[in-house]
Every structure is written in C-alpha cells, then in structure tokens.
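Peer 1: The structure that follows is given in the form of structure tokens.
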Amino acid sequence: MKSYRKELWLEVPTRRAFVNITHEVEDCLRESGIKEGLCLVNAMHITASVFINDNESGLHHDYEVWLEKLAPHEPTGQYHHNRTGEDNADAHMKRQVMGREVVIAVTNGKLDFGPWESIFYGEFDGRRRKRVLVKIVGE
Amino acid sequence: MKSYRKELWLEVPTRRAFVNITHEVEDCLRESGIKEGLCLVNAMHITASVFINDNESGLHHDYEVWLEKLAPHEPTGQYHHNRTGEDNADAHMKRQVMGREVVIAVTNGKLDFGPWESIFYGEFDGRRRKRVLVKIVGE
Amino acid sequence: MKSYRKELWLEVPTRRAFVNITHEVEDCLRESGIKEGLCLVNAMHITASVFINDNESGLHHDYEVWLEKLAPHEPTGQYHHNRTGEDNADAHMKRQVMGREVVIAVTNGKLDFGPWESIFYGEFDGRRRKRVLVKIVGE
C-alpha cells in the first residue's frame with residue numbers, strides 16, 4: 001500500500017467564498033503515482049468545508065443565499081459561541097450543512113468522477129490562511 | 001490490496017424519490033471477494049445523494065416534506081442557477097443536506113452495519129438515467 | 001494491509017447531547033499499530049451522528065438550538081414516521097444535517113488533524129446504549 005499526503009493552503013480575501021480545487025487535487029493524484037485506491041480531501045479547519053458539486057457561479061450565489069438563510073451571520077449575539085470573542089458561530093453551522101470532507105474513488109490513476117463533479121473548498125470565515133488536506137491511499 | 005469498481009444505473013420515473021440500494025451494494029461486495037477494507041458508495045451526479053438511514057416509508061415521506069421546506073423547488077425563478085435553463089437548483093441543495101457519499105467498513109466479507117442501517121439513493125432531479133459508484137478497497 | 005475494528009459503546013442519559021470521543025479514537029489508533037492509512041468513525045445507529053467540529057460548549061448549545069429550529073421534535077404528530085410508535089423522526093433529520101461518519105487521514109501513527117478538530121458523537125434519541133464503529137485500514 002502506498003500513501004500520499006499534501007496540504008493545500010488557501011487565503012480567501014472575503015468572509016465567504018467557494019474555490020474550485022479540482023485541478024490541485026488532480027495534481028496531487030498524479031504526484032502520488034497511485035492508480036487504484038481512495039482519495040480523502042478534507043478541510044483542516046472547522047469553519048470551512050470541502051464538497052463536490054457544480055462549477056456554476058449562479059449556483060454558488062444560490063448556496064450563499066441559502067446558507068445565510070439556514071444559519072444567518074447576523075445578529076452575531078444570538079449565538080453563545082460568539083461570547084468567546086468570535087463572530088463565526090454561523091460558519092460552524094454552514095460547514096456542517098456543506099460537509100467537512102469528500103472521499104473519491106481512484107481508478108486507473110484518475111479521480112473517478114461523474115460528468116459534472118468538481119471539488120470545492122467552502123470558506124465561511126475567511127481572510128486568513130487555512131488548509132485543506134489531501135490524503136491518498138492505494139497502489 | 002484489492003480494488004473493485006461497479007456502476008449501478010438507476011432511472012427514477014419521478015422528480016424525487018428514495019431507492020434502497022443495500023442489496024445491490026451487498027452483491028458488489030460478494031463479487032469483489034474483499035473481506036477487510038472500506039466500501040465507498042457515491043452518487044456520480046450532483047443532484048442526487050447516497051445516504052444511510054431507515055427503510056421506513058413514513059420517514060421517507062417526512063424527508064421529502066422537510067427537504068422541500070429547507071430548499072423549495074418553487075418558485076424556480078428564485079435561484080440564479082435556474083437562469084442557465086435548468087430548474088433543479090433546489091436539487092443541488094437537497095443533495096448537500098443528505099450527502100454525496102457513504103463510506104462503510106467491510107469486516108469478514110460483510111458491510112459492517114448497525115441494526116437498522118440501509119443504503120439509499122436519494123434522487124432530487126430524476127426522470128433520466130443516473131449512476132451510483134461502488135468502489136471497494138481492501139484484502 | 002492491516003485492518004482494525006472496535007465498537008465504542010455510549011449511553012447518553014438525555015434525549016440529545018454531544019460527546020467528545022477524540023481520545024477514545026486516538027486510543028484505537030494506538031492499539032491498531034497502523035501508521036499510514038484511513039480511519040472511519042461512524043454511528044451504527046440512524047438517529048445519531050459522528051462529526052468533527054469545535055470542543056466548545058457555547059457552540060454545542062448553538063447547535064442544539066439550531067437543529068431544533070431546522071427539524072423540531074414537537075409536535076411529534078407532524079411526522080408520519082412517528083405513526084410507527086416512535087417519537088424520533090426529528091432525530092433522523094438532525095442526524096442527516098450533522099452526518100453519519102467521518103473519515104480521518106492517519107499519518108505517522110496520528111490522526112492527521114488541523115488545530116481545532118475534535119470528534120463528536122451527536123446523540124439525538126438517547127437514553128439507551130448505542131454504538132460507534134471505528135475501522136482503521138492501512139499499514
């Protein structure tokens with residue numbers, strides 16, 4: 001069994017954004033030399049997500065509006081977590097809806113994807129450097 | 001390390017439905033001959049889910065009502081994604097709530113499940129052929 | 001390839017609670033002797049979650065309030081599932097928001113975590129003994 005590990009660093013200049021990291025993960029897979037196995041991609045921070053969905057800007061706008069409705073940032077005083085001096089309780093919730101991680105099959109040295117699958121980093125409390133972990137195991 | 005891959009094809013005749021695919025995944029595991037490892041089951045389409053929950057029709061009704069409340073299909077014009085000519089923005093949201101994939105332990109050649117775990121395909125934009133990927137790695 | 005399996009038993013005395021199980025999973029990893037691979041941690045019950053987030057009691061309070069807003073327990077008669085004699089339909093929904101499982105990279109014999117990642121068992125229908133499965137595969 002081979003294993004491969006890499007951290008991808010991101011610094012999103014806004015509080016919230018979606019960043020397409022598909023090519024970076026494909027680069028990792030090539031670098032790993034692994035042909036058959038599983039590829040884990042996860043946010044290493046608890047106010048961010050990694051998820052798979054459509055590379056379409058209108059949908060990303062809709063996600064932003066929808067997540068803000070499900071778990072509004074304001075008023076920040078509504079959350080006990082924000083009494084710690086943070087203002088990011090909503091980000092911990094948005095991250096649960098979108099998920100921490102994805103696991104992707106590796107087949108013949110490729111990410112084994114359906115027609116429209118792309119990997120996104122979802123930032124919900126940005127404006128600082130944060131990391132995504134790529135771990136690939138197989139042969 | 002052994003690896004196994006199979007696509008399950010589904011065509012749901014309605015826009016939304018939940019389909020029990022537990023037996024199909026068990027058949028894959030038998031066919032793979034893998035006794036110890038991990039089994040990934042994921043939707044290959046971004047308006048569908050694979051999730052594990054109860055095989056109970058009342059609950060599936062409740063999920064349908066609940067997801068429609070969290071991310072309503074109508075009015076379709078409320079979503080920017082639908083300006084692309086689609087009407088399935090809500091399906092991309094429902095899929096995030098229910099999840100893209102499950103990873104299941106394989107122990108002694110069986111899916112290592114608790115008492116009530118069943119695997120479901122959740123369709124949120126059906127009436128066409130779509131795929132689920134089963135990838136099993138182990139020994 | 002090595003594989004390791006353990007069940008963690010929990011009995012939460014209330015209907016809902018979040019229990020930090022990070023140390024128990026770390027103990028499993030040590031016991032496994034696995035240095036490189038993947039660690040799956042999943043609820044074996046369909047009204048409970050395993051998720052990764054912050055070990056901060058204010059946030060756990062916020063999750064409780066938020067989940068109860070997204071999928072209220074009362075009135076229990078609003079859910080068809082509860083016609084089976086159960087009163088836990090809301091628990092099946094809360095579990096979908098928070099997720100069934102996490103997959104964690106294992107690197108150099110450690111859970112490969114970012115700075116604030118902790119593993120929680122989320123109980124949404126407690127007051128009885130339930131299980132979490134830890135499955136580790138690698139070398």
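Peer 1: Spot the failing condition for residue A:99; the list is (1) under 23 Å from residue B:99 (Cβ atoms); (2) surrounded by fewer than 23 Cβ atoms within 10 Å (Cβ to Cβ); (3) away from chain C (no Cβ under 13 Å), and only one is missed.
Peer 2: (3)
Peer 1: Further question: Is it the case that residue B:23 is surrounded by fewer than 21 Cβ atoms within 10 Å (Cβ to Cβ) and in contact with a helix residue (DSSP H, G or I) (Cβ under 7 Å, 6 or more places away or on another chain)?
Peer 2: No; evaluated as a whole, the condition is false for this residue.
Peer 1: Right, next: Which condition from (1) free of Cβ contacts under 8 Å to residues at least 24 places away in the same chain; (2) of a type in the set (A, V, I, L, M, F, W, C); (3) within 16 Å of residue C:106 (Cα to Cα) is the one that residue C:40 breaks?
Peer 2: (1)
Peer 1: Same structure, new question: Checking residue B:72 against (1) open to solvent by 70 Å² or more (accessible area, probe 1.4 Å); (2) more than 9 Å from chain C (Cβ to nearest Cβ); (3) without any contact (Cβ under 8 Å) to a residue 24 or more places away in the chain; (4) over 15 Å from the mean Cα position of the chain (by Cα), which test does it fail?
Peer 2: All conditions pass for residue B:72, except number (1).
Peer 1: Kindly check whether there is at least one residue in the stretch A:78-85 that is buried (at least 17 other Cβ atoms within 10 Å of the Cβ), within 13 Å of chain C (Cβ to nearest Cβ), without any contact (Cβ under 8 Å) to a residue 12 or more places away in the chain and polar (S, T, N, Q).
Peer 2: yes
Peer 1: Further question: When you check residue A:92 against the structure, is it open to solvent by 30 Å² or more (accessible area, probe 1.4 Å), out of contact with any Pro (no Cβ under 7 Å at 6 or more places or on another chain) and more than 14 Å from chain B (Cβ to nearest Cβ), yes or no?
Peer 2: So residue A:92 fails the test.
Peer 1: Kindly indicate which of B:30, B:15 is of a type in the set (Lys, Arg), open to solvent by 20 Å² or more (accessible area, probe 1.4 Å), outside any helix (DSSP H, G or I) and in contact (Cβ under 8 Å) with a residue 24 or more places away in the chain.
Peer 2: Values: B:30 fails: outside any helix (DSSP H, G or I).
Exactly one residue qualifies, and that residue is B:15.
Peer 1: While we're on this one: Condition first: at pLDDT below 95 and either over 30 Å from residue C:37 (Cβ atoms) or polar (S, T, N, Q) (or both). Can you find one or more residues in the stretch C:67-84 that meet it?
Peer 2: Taking every residue of the stretch C:67-84 in turn, at least one turns out to be at pLDDT below 95 and either over 30 Å from residue C:37 (Cβ atoms) or polar (S, T, N, Q) (or both).
Peer 1: Of the conditions (1) part of a strand (DSSP E or B); (2) more than 30 Å from residue C:63 (Cα to Cα); (3) within 14 Å of chain B (Cβ to nearest Cβ), residue A:5 satisfies every one except a single condition; which number is it?
Peer 2: Result: residue A:5 passes all but (3).
Peer 1: Among the residues that make up the stretch B:119-139, is at least one of them at the interface with chain C (Cβ under 7 Å from one of its Cβ atoms) and either open to solvent by 10 Å² or more (accessible area, probe 1.4 Å) or without any contact (Cβ under 8 Å) to a residue 40 or more places away in the chain (or both)?
Peer 2: Yes, the stretch B:119-139 contains a residue that is at the interface with chain C (Cβ under 7 Å from one of its Cβ atoms) and either open to solvent by 10 Å² or more (accessible area, probe 1.4 Å) or without any contact (Cβ under 8 Å) to a residue 40 or more places away in the chain (or both).
The values are calculated or read from the model by the stated rules, or taken from the named source; none is laboratory data. Please read all numbers here as calculations on a predicted model, not as lab measurements. Cβ sites come from the backbone with ideal geometry, for glycine too, and all protein chains shown count toward neighbours. Ligands, DNA and RNA are stripped out before the accessible areas are found, and what is left, the full protein with its side chains, is counted by its heavy atoms. Shrake-Rupley method; radii C 1.70, N 1.55, O 1.52, S 1.80 Å.
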